[in-house]
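The values are calculated or read from the model by the stated rules, or taken from the named source; none is laboratory data. Please read these numbers as outputs of a predicted model, since none were measured by experiment. Cβ atoms come from the backbone with ideal geometry, glycine included; neighbour counts cover every protein chain shown.
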Amino acid sequence: MERQLKKISRNGIAEALSKVQHYRYLNQSEEAESICRDILAVDAEHQVAMRLLGLCITDQFTGKPSDNYKEAEQCFEQLSSAYERLYYLGILYERRAKAQLRTGQLAQSLQASFEQAMECFEKAEKIRPQGNDDAVLRWNRCLRLLQSLPELTGEREDVGLEETDSPPVWK
């Protein structure tokens, strides 16, 4: 007997979204991702679930080629708000670069991703909702990280990461 995934009810979407946030706060992004997929199976156009799925995927970036970069990009490109589409694509490029930074990749290979992120944030800033400075804050963080990257010597210096046994914590 072949088993199939069960569908959640449309009435359960709001509660499922709160569970996504809960699991993301607990750094259990795989669980949060699964719930997003359950929501999208019921409502394929659900904007919040689409955005959160993209974020759950980027939460799992390791800086390796196996990162699910394309699917996260597709999630963010499906957002109907031009501001959100640009802002979250910027988050995607920024998180990709940060994950690659943690693996020790050279500044030369990271610069393009940070610049892509900054370009998205700059475009989002121009169409942002009044009083929303999120794109400005992200743009500034990317610039600070770019400015702190070691010269192209191949040596990795401290660029704002605290090395521990747990996931990196940005200062």
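Structure summary
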read-out: Flag if Ile8 is aliphatic (A, V, I, L, M) and outside any helix (DSSP H, G or I); value: yes
read-out: Cβ pairs under 6 Å, 6+ apart, first in segment 94-109 and on the phi > 0 side of the Ramachandran plot, second of a type outside the set (A, V, I, L, M, F, W, C); value: Gly104/Arg156
read-out: Within segment 71-109, considering residues that are of a type in the set (Lys, Arg) and in contact with a strand residue (DSSP E or B) (Cβ under 9 Å, 6 or more places away or on another chain), the one nearest to Glu125 (Cα to Cα); value: Lys98
read-out: Which listed residue is of a type in the set (D, E, K, R) and in contact (Cβ under 8 Å) with a residue 12 or more places away in the chain, from Glu15, Glu2, Glu30; value: Glu30
read-out: Test for Tyr93: is it of a type outside the set (Gly, Ala, Ser) and under 24 Å from Ile13 (Cβ atoms); value: no
read-out: Scan of segment 65-90 for residues that are assigned to a helix (DSSP H, G or I) and surrounded by fewer than 21 Cβ atoms within 10 Å (Cβ to Cβ), ordered by number; value: Tyr69, Lys70, Glu71, Glu73, Gln74, Glu77, Ala82, Tyr83, Glu84, Arg85
read-out: Filtered residue count, segment 30-58, keeping only those that are part of a helix (DSSP H, G or I) and either surrounded by fewer than 18 Cβ atoms within 10 Å (Cβ to Cβ) or hydrophobic (A, V, I, L, M, F, W, C) (or both); value: 20
read-out: Subset of segment 33-75 (residues that are in contact (Cβ under 8 Å) with a residue 40 or more places away in the chain and of a type outside the set (Ser, Thr, Tyr)); value: Gly63
read-out: Which listed residue, of Gln111, Gln74, Gln100, Gln116, is touching a Ser or Thr at 6+ places or on another chain (Cβ under 8 Å) and either at pLDDT below 95 or not charged (D, E, K, R) (or both); value: Gln100
read-out: Glu94 being of a type outside the set (Val, Ile, Thr) and at pLDDT 95 or above; value: yes
read-out: Segment 13-26, residues that are of a type outside the set (S, T, N, Q) and either surrounded by fewer than 10 Cβ atoms within 10 Å (Cβ to Cβ) or over 16 Å from Ala44 (Cβ atoms) (or both); value: Ala14, Glu15, Lys19, Val20, His22, Tyr23, Arg24, Tyr25, Leu26
